[in-house]
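Notes follow the structure.
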Amino acid sequence: MDDHHTYARNKVRRQGVLWRAYAFTARNLITLLAPALLVFLPIGLLAVTVLVVLVDGSAAVVNGDFELVGRPEPPLLGWAAAVLVVSVAGQAVALPATVVLAAGLLVGRNVSISGALRAAARRLPAMAVLVLVGVVAFTAALAAGLGILVWIGAQVTAYGVMAVLALFAMPCLLAVAPVALEGRSAKGALARAYRLTAGASGATAFTLAFGVVLFPMLAAQAANRAVSGLPVVPAVAGCVLALVAVPFQAAVIARLFLHRLVVKGTIAEFKKVVDGLPESAPRPARPVPVLAALLLPGLLYGGAVLINPLGWPEVSETAVTETWPRDPDSEAFGEDGRPKPELGASDLRALYAGQGGRMVMLMDDFEPAKLLTCMDSTCTRTRFTWAEPVGARGYTAAGARLADGRLVVSTWAQEGTDEDGLVLHLDKWRARLGLLLCDATACVPAPGGRPITEVTSPRQDRTVALAARPGGGLLVAQSYTLPLGQRSIAEEGLSITTCDDPACTRPHTKEVAKLPVSRYRDERRGLVAGVGPDDRPVVLRFDRETGAVFVISCDDPACARARVGRPVRGSADYSDGQAGAAMLVRADGQAGAAMLVRADGRPLIAYLDVRDGAIKLLDCRTRACSQAGTTTLSEPGHNTAPAMVPDRDGRVLVAYQDLDREQVVIATCMGTRCTRTPVTTIRRHGGHGLAMALDGRGRPVLAWVDFGGWGDWDLVVTTPLTLR
């Protein structure tokens, strides 16, 4: 054998295959990158072009990065499958082509990029079989580990079995070299790889595991963690690392194969491999075109995100509770000496634009009500504090925003209970409805306020709704159970209290209606109070059991005469399919309604139809909504109760969670002409509350709970910066 072959043999015989391969790749990275760029760049550009056509309104720019919103539809799933298949085929060409290039550089032969790609393309059938064998082998290892985990529950044993089987399958990666460099079939390449690893099977398996699999994965994770939270950069870094990983993987495979061939093979075999390389005239590497091609996907992606030429919605989103402990220390105390409040998944009640442009959430469930305030526009800094005093529990708090940005919150003071709220003496139990005035950080009892209502039986359900009056006063609406009379249908009473000031120092209460409504254990979205610009009250009552909608309107501010409209009759009789949907809606606690009163006093109502689960919009033609036009905003299925606000352009925004498609959607309506825009993805199961308000810039801000299970949920704040 001539001196050239001898030198090459001595060079690849050296120990330290892994670090030598990595150092070699770093020196020759520009040349070794070419096959991956030539293969994957066209695939990526074609895939993105097709994706842009397919998304058709189901994409958004969330926190500076492109994101598909919601559950992928069948066309997108087909696109993903096609991209996966084409990418695997591309890897089956790019990896062996790079192995050929690396082998040529290692033994001092000039191999052209085109020659390496042609050689790899000719080996594509064998590589396809090899890929299939590798997938089967690693799937079997995973299945074996999971089987042990399910069977005996031994986690360490399961991971150990998976690791051993995966290491045993590692020569499948080394078999790429016999296919690319010797032209062997998949079967022959596998046999060749296992023969070459004999005598050093552990060392070669670990070299392949770390050099081809683990180190590239760890590098990608480290880079992702280093740039997490930055817009655009994570996607660009991921794309660059995916392309750069191919030369390092190929160099490890090529050097390890040549090293083991020198150790275990013959001189003739080594010479045949070297002479079989597709030699060509030397061509110097051109770093500028290679680097430009490497950075091109990232530059295109960054430009598309920053310029947003297709007008995708731009969204800012924060998982407020992402870093909150799920099991807070109950012994921690706040400034007022009380234990610090804890946040539950079902606490969200309402969202308001408070003083100073801060967004304030009213939280309440079984404990006293709380305020969660966003201290900045992204809600990354928050303040969480008690709203109600100690012992205030039993009824859900309601709130309303005053003209000066303060909040007024209802509260119930109870007598005849112990410190845990348990009733001690039924005949001595009392609950009195009062008010709290709150800024963005704390609440105080309304000065000079008087009890609005006194309840003498803990068995009487009460629901309260508040609305600010145009002149600075307050409207308090209450619904409550009535004793069962001669009729078999349950009834409830509805009263309206008008106050001339937010503290309600002189409340005027009037019973205005009796409604055939079935009380439900959770009525927080069943009663909505509103006041028109002419100071005439309008109250919405939604029966979550039957789906009936009642509208009570007053002829004057004092409500001397009230009119009751029933634009949606509702029914307890459903077909089999409708009954199932209605039972699911009621069981999940999703049903509810929202209302706003327009300048002419006519209400606009969004509600969830319990019969089919669709979100619908009622355009009332009269104040009592005795006549109304109906528009369906969502597909039938599993949706959550809507939230609704008017924007500064005279439009109405209706937000809801589409649980079937795993989207949070905002419908933008001008009259009854509406367009729907998915703004973010429900990553768990959602469904535990949604509230909406406009911030100081007139943008809609959504607060919602993404619920996956006990201890697995987040309170999320989503702000669409632009809407279509």
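The values are calculated or read from the model by the stated rules, or taken from the named source; none is laboratory data. Note that the structure is predicted; figures quoted are calculated from it, not measured. Here the Cβ is made from the backbone with ideal geometry for all residues, glycine too, and neighbour counts use every protein chain on show. Heads up: the accessible areas ignore ligands, DNA and RNA and are worked out on the full protein's heavy atoms, side chains in. Shrake-Rupley method; radii C 1.70, N 1.55, O 1.52, S 1.80 Å.
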**Study point:** Residue ID - nearest to Q657 (Cα to Cα), chosen from residues in region 678-694 that are more than 11 Å from the chain's Cα centre (by Cα) and modelled with pLDDT under 90
**Key:** G687
Practice item. Tell me, yes or no, whether region 671-683 has at least one residue that is open to solvent by less than 10 Å² (accessible area, probe 1.4 Å) and either touching a helix residue (DSSP H, G or I) at 6+ places or on another chain (Cβ under 9 Å) or not β-branched (V, I, T) (or both). Key: no
Practice item. Sort through D649, D660 and tell me the only one that's open to solvent by 10 Å² or more (accessible area, probe 1.4 Å) and touching a residue at least 60 places away in the same chain (Cβ under 8 Å). Key: D660
Point to revise | Subset of region 132-155 [closer than 25 Å to A89 by Cβ, more than 31 Å from the chain's Cα centre (by Cα) and open to solvent by 60 Å² or more (accessible area, probe 1.4 Å)] | key: L132, V136
Study note, to complete from the structure: The condition from (1) within 23 Å of A242 (Cβ to Cβ); (2) polar (S, T, N, Q); (3) touching a residue at least 40 places away in the same chain (Cβ under 8 Å) that T197 misses is numbered (1)
Check your understanding: A628 is checked against (1) open to solvent by less than 10 Å² (accessible area, probe 1.4 Å); (2) hydrophobic (A, V, I, L, M, F, W, C); (3) at pLDDT below 90 and fails just one. What number does that condition carry?
Key -> (1)
Check your understanding: Within region 196-275, which helices (runs of 4 or more DSSP H) (wholly inside it) include 2 or more residues that are touching a strand residue (DSSP E or B) at 6+ places or on another chain (Cβ under 9 Å) and surrounded by 16 or more Cβ atoms within 10 Å (Cβ to Cβ)?
Key -> 233-264
Review point. Looking at region 702-712, is at least one residue of a type in the set (F, W, Y) and open to solvent by 10 Å² or more (accessible area, probe 1.4 Å)?
Key: yes
Check your understanding: Within the set of pairs 6 or more residues apart or between chains, which connect a residue that is at positive phi inside region 143-162 to a residue that is open to solvent by 60 Å² or more (accessible area, probe 1.4 Å) and basic (K, R) with Cβ atoms less than 7 Å apart?
Key -> none
Review point. How many residues, within region 200-228, are within 30 Å of E317 (Cα to Cα) and touching a residue at least 12 places away in the same chain (Cβ under 8 Å)?
Key: 4
Review point. Out of S58, S87, which single residue is open to solvent by 30 Å² or more (accessible area, probe 1.4 Å), hydroxyl-bearing (S, T, Y) and under 29 Å from I307 (Cβ atoms)?
Key: S87
Practice item. Please give the strands (runs of 3 or more DSSP E) falling wholly within region 426-485 in which 1 or more residues are at pLDDT below 85 and either open to solvent by 70 Å² or more (accessible area, probe 1.4 Å) or on the phi < 0 side of the Ramachandran plot (or both). Key: 430-438, 453-455, 462-468, 474-481
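Residue-by-condition table, conditions (1) buried (at least 22 other Cβ atoms within 10 Å of the Cβ); (2) under 17 Å from G405 (Cα atoms):
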site: P341; (1), (2): no, no
site: A345; (1), (2): no, no
site: A353; (1), (2): no, yes
site: A369; (1), (2): yes, no
**Study point:** Output for region 101-113, where each listed residue is assigned to a helix (DSSP H, G or I) and either free of Cβ contacts under 8 Å to residues at least 40 places away in the same chain or more than 46 Å from the chain's Cα centre (by Cα) (or both)
**Key:** G104, L105, L106, V107
Check your understanding: Limited to region 511-525, what total is found for residues that are modelled with pLDDT of 85 or more and surrounded by 15 or more Cβ atoms within 10 Å (Cβ to Cβ)?
Key -> 3
Check your understanding: What are the pairs, 6+ residues apart or on separate chains, where a residue within region 602-620 that is on the phi > 0 side of the Ramachandran plot has its Cβ under 7 Å from a residue that is part of a strand (DSSP E or B)?
Key -> G613/N639
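Given the residues A47, A97, which is the only one that is modelled with pLDDT of 90 or more and touching a helix residue (DSSP H, G or I) at 6+ places or on another chain (Cβ under 6 Å)?
Numbers: A47 fails: modelled with pLDDT of 90 or more.
Step by step, each of A47, A97 is checked, and only A97 is modelled with pLDDT of 90 or more and touching a helix residue (DSSP H, G or I) at 6+ places or on another chain (Cβ under 6 Å).
Here is a yes/no grid of residues against (1) at pLDDT 90 or above; (2) over 19 Å from S457 (Cβ atoms); (3) open to solvent by 40 Å² or more (accessible area, probe 1.4 Å):
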site	(1), (2), (3)
M361	yes, yes, no
A387	no, yes, no
A392	no, no, no
L402	yes, yes, no
G405	no, yes, no
E419	no, yes, yes
Review point. Which of the residues that make up region 546-563 are of a type outside the set (G, A, S) and either touching a strand residue (DSSP E or B) at 6+ places or on another chain (Cβ under 9 Å) or not in a loop (DSSP other than H, G, I, E, B) (or both)?
Key: V549, F550, V551, I552, C554, D555, P557, C559, R561, R563
**Study point:** For S58: the one exception among (1) farther than 22 Å from I682 by Cα; (2) in contact with a Leu (Cβ under 7 Å, 6 or more places away or on another chain)
**Key:** (1)
Point to revise | Meets criteria (over 30 Å from V315 (Cβ atoms), small (G, A, S), open to solvent by less than 60 Å² (accessible area, probe 1.4 Å) and at pLDDT below 90) for A23 | key: no
